[in-house]
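The values are calculated or read from the model by the stated rules, or taken from the named source; none is laboratory data. From a predicted model like this one, the values you see are computed outputs, not experimental measurements. Every residue, glycine as well, gets a Cβ built from its backbone with ideal geometry; the counts of neighbours run over all protein chains shown.
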Amino acid sequence: MAIKYLDKYPKNLAKSLWVLKPQWTVLKLLAKTVRHRPVTVLYPYEKEWVPENYRGRPGLRFDKCVGCGMCVRMCPTACIKLVDATDDDGKTVRRPQVNLGRCAMCGYCAEYCPVDAMTVTPEYELAEFTRFDLLYGPRRLNYEKTTPGMEVKLEVTLPSDIANGNPERRVSLFALDRPELTDSKCIGCKKCAKVCPVNAIEMVEKGVNDKGKPILRPVIDNDKCICCSNCVDDCPKDALKIKEVL
Amino acid sequence: MAYSSILNWIDFYQNPMSNAYYPFGDIYNLPFDISYKLWELIGGTIAWLINLIFPGNPVSIWLMDDAACTLFALIIFMLIIFIVVFVCTLISLWMERKFLGRMMDRRGTMVGMKGFLQCVADGLKTFMKENTIPGKVDKMTYMWTVSLVIGVSVLVACMVPLSDRWFVVNYDTGLLIIMAFFALAPFFILVSGWAQNNKYSLIGGMRAAELMISYEVPMLIMIGTTALLAGSFNIGDIIDAQYETVWYIVPQIIGCITFFFAATAESERLPFDIAEAEAELVEGWQTEYAGMKWGLIMLADYFRGYVACAMFAIMYLGGWMLPGIGDGPIPEIVFLLKTWFVFFLMILVRAALARVRPDQILNIGWKVFMPLSVINLAIVLLLKVGGVF
Amino acid sequence: MADSLVPVKEIEEKMETDKMWVIMGPQHPFSHGLWTLKVQIDGEIVTDAEPIVGYLHRGWEKETENRTYPKVIPMADRLCYAASMTYTHLYCMTVEKALGIDIPEKAKYIRIVADEVCRIQSHLMWLAAVGTDLGNLTVFLWAMREREFFLDLNVKLCGARMTTNYPRIGGVRNDVTELFDRDILRTVDRFEKAMWDIIALMDESSIIVSRMKGVSYLTREQVANLGMTGPAMRGCGVDFDIRRDDPYDNYDKIDFEVPVLTEGDSYARYMIRIEEMFQSCDIIRQAVAKVRALGKNAPYRIKTPTKVPAGTSFCRLEDPRGESLMYLVSDGSDKPYRLKVRSPIFVNVSTSKAMCQGCRIADVPAILAQIDMCLGETDR
């Protein structure tokens, strides 16, 4: 490729009459801006166009959310917290609350949301009078004009697929990895079934033990599972482990 | 006298020149005429009112006396002169902001009246600021020097005549006196830099002094050249001489470019504002001044810029005369338009160029502008000896 | 006129004058960010200079040790506000190296595009700073105006202007968005035309050229001894660019020139950066063509394991400001054990004594503008 600028400069400045060329350049721009308008955007009155995927404050679609806590897990600034909220049927559910005073607008919550309930929104005027006002509860996080473009899809290609000559297959990150049980460690405490946000874990009797009591083991419904790894975290005996598909 | 009606007191159509104490000799002075008539209205009304309460008292009669009229008219005259200069300076300030904005592809000020009211808003804002004085400065020098810088700048701005009927004094050495006052401010800047007990201010003050020394000389040579060409230091005579022959920008083209840059340096505007070079010396000699003091210093800068442009218009652009037309109905406007045009060129230079380093400034001053002004003087001498002018 | 280099010793011997320490910073118009330059001056001539950094220390390296690997990416954005893309890229490359994986071709080219956009906007920011330091505000606003188009490109690509958070371990966050390739080519074409206006303002003005020409010479030996890198190094005659000499991603498949000048003065360092912007335009054109050729369905992100095997890895990359390097020690968990950043500015700013000595105090901003200070990465 050619050198573009160093070929022409430094110039003999006597040829450009020392200081006259810059003045001519400035004068040209003056003529242009007097005729048209300067490029300034008068911000509070005019606003720039922002694309759909603009990363403003996080938004939440209350009904889609399952309360898995993936956003809490992935948030780099730890500004998301799961709080109790009442859903439309009057039941108490766990939903994320975002402290926008700490939010870094990185979009990780939207990216890692397995059910695409968290979205990015193009809302960026977030000033409030107190710090308390910056706490966005689950209902306040709702953004009415949410479009499909605001969901951030996390689609990956498996290295094994590329090795197999099938590089065009893209899968969601949450459709692959599943928790795997180490049978010898499990004590059948049912904790995993309780914390599972999508009720993918069912405790199934697998015979009886020496004392005649039933042995309970979790069985994971792979279609329902969203790979939030809550069960892995809450397992008291480390019996569950995410098995990564690569 | 039967002083019963108010009209007996107000002699509105009296010619101020018929007053025995008329201060301008036999030259008609428009602002004095206006202020004289204003005083006729104000003073006449006051005298009439006092006379209604205490009929036949001496105060009323004294108020409308020739001497008292001249005295009070002079006070109003000062106000008028100052306000006109002040407004002209504010307009040039507005011009700078607006044109500079457009040259930089932005909008410039936008507060009211196409941004003109921003000057008022700035004035109010600086006025509201707390008047802080740093602890370890030499307080008296600190306050006095800044007052003198501002005062001298305002004085010299007021002394620039707008036309042959709009002037303060009409000395035979008018040009020289204006330049003398114009060159006075850097002394105070130097002292102020010392007084502030601040390294930036000290360096800034020193730079102001070296700038003044190196640019005063070519400037004075150029003024002498113009005076030589016109045969007089009187501003009116210089302009008349330009009307009779040709604008002096034609024979003194070298001199006029040199004078333009020297005047830019003398009024401490970019690219020659090394005394307050904000890149290295926070605000130079103004670093420790806050609030209204700083606001007035800024205003004084623009007064000086206005004076420099006015001098350019007087010396090279024919002042208030237009070739072929002469005075015209309102020569003041013609003069101001020329001044603002020169100011526009200054804005252009400011937008296009960067700040010059101090040693380069001295080099340019002594090694470029000085010889150029001497060459200009030689050309003028040749023209004068050759009998062209 | 241009000769501002005065032999310091001669002056010292002739005059018994007091020297004065002028402290420029941390709140000084010339310091772009919180740092201090102590300058010892003798009249107007600088006899000594001492940079003081560390006002912005946030414990970045320590903080990464408490975060899982993906969570460090948004933090790497905050290392340098002007070069967020390259730092994120560098971090992802380091982790990928530790994982021993190879990322898809498309991701490599998209990263190149994003890096070069980042380089242009960072250089434009530097140009703006040079404008103000030399006292010309027009250059500042014109350069900032051009920069805005590149920030708009960032918005179109990943939804944020400056803290882009775009590269990911194993690829990039999202595929190039619709019409992005068209927009970027238009922007680059437009920029190449508009750049000549700014050049006319800078290089055709004898004042600006004489301010920069002939001040603060550095020889190749000095550059080597002081560890200076980046465009400033190339302006001193060292022909080295990591993009060409130690290529990462797919820079070896792209044809571009590395501008080198042997003058070694402030003006040479300035010219290198201007030329680099034009070269970046060329790189963007080629990389976008490659991205287009790969088609829409090509993979752009591969799945990576969450845990990094125990071991160390380091990676280096040509930042807009010089050579930045990250050194990762992992202990087999999902969090880094230690992450060390080598910031180019931290090393480059230590040359300020060598650069400023013998110059005038008015030159100091013009000289240090060529370093392109960015305190976020310096203090970390």
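Quick look at the numbers
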read-out: Sole exception among (1) surrounded by 15 or more Cβ atoms within 10 Å (Cβ to Cβ); (2) in a strand (DSSP E or B) for C:Ile23, by number; value: (1)
read-out: Any pair with Cβ under 8 angstrom, 6 or more apart, that starts in segment A:9-32 at a residue that is more than 22 Å from C:Lys213 (Cβ to Cβ) and ends at one that is among the basic types (Lys, Arg); value: A:Leu29/B:Arg102; A:Leu30/B:Arg102
read-out: Lone qualifier among B:Phe187, B:Phe182 - being in the same structural domain as B:Thr287 (by TED's automatic domain parsing), at negative phi and surrounded by fewer than 20 Cβ atoms within 10 Å (Cβ to Cβ); value: B:Phe187
read-out: Hits in segment C:215-225 (condition: out of contact with any strand residue (DSSP E or B) (no Cβ under 9 Å at 6 or more places or on another chain) and surrounded by 18 or more Cβ atoms within 10 Å (Cβ to Cβ)); value: C:Ser216, C:Leu218, C:Val223
read-out: Failed item, numbered, when A:Asp177 is tested on (1) within 8 Å of another protein chain (Cβ to nearest Cβ); (2) in contact (Cβ under 8 Å) with a residue 40 or more places away in the chain; value: (1)
read-out: Residues that are farther than 17 Å from A:Tyr54 by Cβ and within 14 Å of chain C (Cβ to nearest Cβ), drawn from segment A:121-154; value: A:Leu154
read-out: Residue, farthest from the other protein chains (Cβ to nearest Cβ), within segment C:102-113, restricted to residues that are in contact with a strand residue (DSSP E or B) (Cβ under 7 Å, 6 or more places away or on another chain) and of a type in the set (A, V, I, L, M, F, W, C); value: C:Ile110
read-out: Selected residue (criterion: modelled with the highest pLDDT) from residues of segment B:117-146 that are among the hydroxyl-bearing types (Ser, Thr, Tyr) and either in a loop (DSSP other than H, G, I, E, B) or surrounded by fewer than 16 Cβ atoms within 10 Å (Cβ to Cβ) (or both); value: B:Thr141
read-out: Flag for C:Cys80 being buried (at least 20 other Cβ atoms within 10 Å of the Cβ), at pLDDT 90 or above and within 20 Å of the chain's Cα centre (by Cα); value: no
read-out: Qualifying residues in segment C:83-101 (those that are more than 13 Å from the chain's Cα centre (by Cα) and among the β-branched types (Val, Ile, Thr)) - the one farthest from the other protein chains (Cβ to nearest Cβ); value: C:Thr94
read-out: Matching residues, segment C:340-380, being of a type in the set (S, T, N, Q) and assigned to a helix (DSSP H, G or I); value: C:Asn348, C:Ser350, C:Thr351, C:Ser352, C:Gln370, C:Thr378
read-out: Segment B:103-116 - residue that is part of a helix (DSSP H, G or I) and surrounded by 15 or more Cβ atoms within 10 Å (Cβ to Cβ) and, of those, nearest to the other protein chains (Cβ to nearest Cβ); value: B:Met103
read-out: Residue tally, condition farther than 11 Å from C:Val117 by Cβ and part of a loop (DSSP other than H, G, I, E, B), over segment C:138-174; value: 10
read-out: Residues that are assigned to a helix (DSSP H, G or I) and either in contact (Cβ under 8 Å) with a residue 40 or more places away in the chain or in contact with a strand residue (DSSP E or B) (Cβ under 8 Å, 6 or more places away or on another chain) (or both), drawn from segment B:170-185; value: B:Gly174, B:Leu175, B:Leu176, B:Ile178, B:Met179, B:Phe182, B:Ala185
read-out: Residue in segment B:283-290 that is of a type in the set (A, V, I, L, M, F, W, C) and farther than 23 Å from C:Arg211 by Cβ present; value: yes
read-out: Which numbered condition B:Gly205 fails, given (1) farther than 30 Å from B:Asp327 by Cα; (2) surrounded by fewer than 24 Cβ atoms within 10 Å (Cβ to Cβ); value: (2)
read-out: Unique residue being more than 14 Å from chain C (Cβ to nearest Cβ) and either aliphatic (A, V, I, L, M) or free of Cβ contacts under 8 Å to residues at least 12 places away in the same chain (or both) when the list is A:Ala163, A:Ala200; value: A:Ala200
read-out: Within segment C:188-214, considering residues that are over 30 Å from C:Leu153 (Cβ atoms) and either facing another protein chain (nearest Cβ under 7 Å) or out of contact with any Leu (no Cβ under 9 Å at 6 or more places or on another chain) (or both), the one surrounded by the fewest Cβ atoms within 10 Å (Cβ to Cβ); value: C:Lys213
read-out: Residue count, segment C:99-113 (criterion: in a helix (DSSP H, G or I) and touching a Pro at 6+ places or on another chain (Cβ under 7 Å)); value: 3
read-out: Selected residue (only one of C:Met277, C:Met355, C:Met326 is facing chain A (nearest Cβ under 9 Å) and within 30 Å of C:Leu127 (Cβ to Cβ)); value: C:Met277
read-out: Failed item in (1) without any contact (Cβ under 8 Å) to a residue 24 or more places away in the chain; (2) assigned to a helix (DSSP H, G or I); (3) within 14 Å of chain C (Cβ to nearest Cβ); (4) not charged (D, E, K, R), with B:Leu100 passing the rest; value: (1)
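Each row is one residue, and each column tells you yes or no for (1) touching a strand residue (DSSP E or B) at 6+ places or on another chain (Cβ under 9 Å); (2) closer than 30 Å to C:Leu157 by Cβ; (3) of a type in the set (A, V, I, L, M, F, W, C).
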position: A:Thr77; (1), (2), (3): yes, yes, no
position: A:Val93; (1), (2), (3): yes, no, yes
position: A:Leu100; (1), (2), (3): yes, yes, yes
position: A:Tyr112; (1), (2), (3): yes, yes, no
position: A:Met118; (1), (2), (3): yes, yes, yes
position: A:Phe132; (1), (2), (3): no, no, yes
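Matching residues to (1) more than 20 Å from B:Trp94 (Cβ to Cβ); (2) surrounded by 19 or more Cβ atoms within 10 Å (Cβ to Cβ); (3) within 14 Å of chain C (Cβ to nearest Cβ):
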| residue | (1), (2), (3) |
| --- | --- |
| B:Glu276 | yes, yes, yes |
| B:Ala279 | yes, yes, yes |
| B:Leu299 | no, yes, no |
| B:Ala310 | no, yes, no |
| B:Ile330 | yes, no, no |
| B:Ile333 | no, no, no |
| B:Leu337 | no, no, no |
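One line per residue, one yes/no per condition, for (1) buried (at least 20 other Cβ atoms within 10 Å of the Cβ); (2) in contact with a helix residue (DSSP H, G or I) (Cβ under 7 Å, 6 or more places away or on another chain); (3) assigned by TED's automatic domain parsing to the domain that holds B:Met103:
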site	(1), (2), (3)
B:Val282	yes, yes, no
B:Ala290	no, no, no
B:Leu322	no, yes, no
B:Arg355	yes, yes, no
B:Ile364	yes, no, no
B:Met370	no, yes, no
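Residue by residue, here is whether (1) buried (at least 24 other Cβ atoms within 10 Å of the Cβ); (2) more than 7 Å from every other protein chain (Cβ to nearest Cβ); (3) in contact (Cβ under 8 Å) with a residue 12 or more places away in the chain holds:
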| site | (1), (2), (3) |
| --- | --- |
| C:Gln121 | yes, yes, yes |
| C:Leu124 | yes, yes, yes |
| C:Asp133 | yes, no, yes |
| C:Asn136 | yes, no, yes |
| C:Trp142 | yes, no, yes |
| C:Arg147 | no, yes, yes |
| C:Val155 | no, no, no |
| C:Tyr166 | yes, yes, yes |
| C:Ile169 | yes, yes, yes |
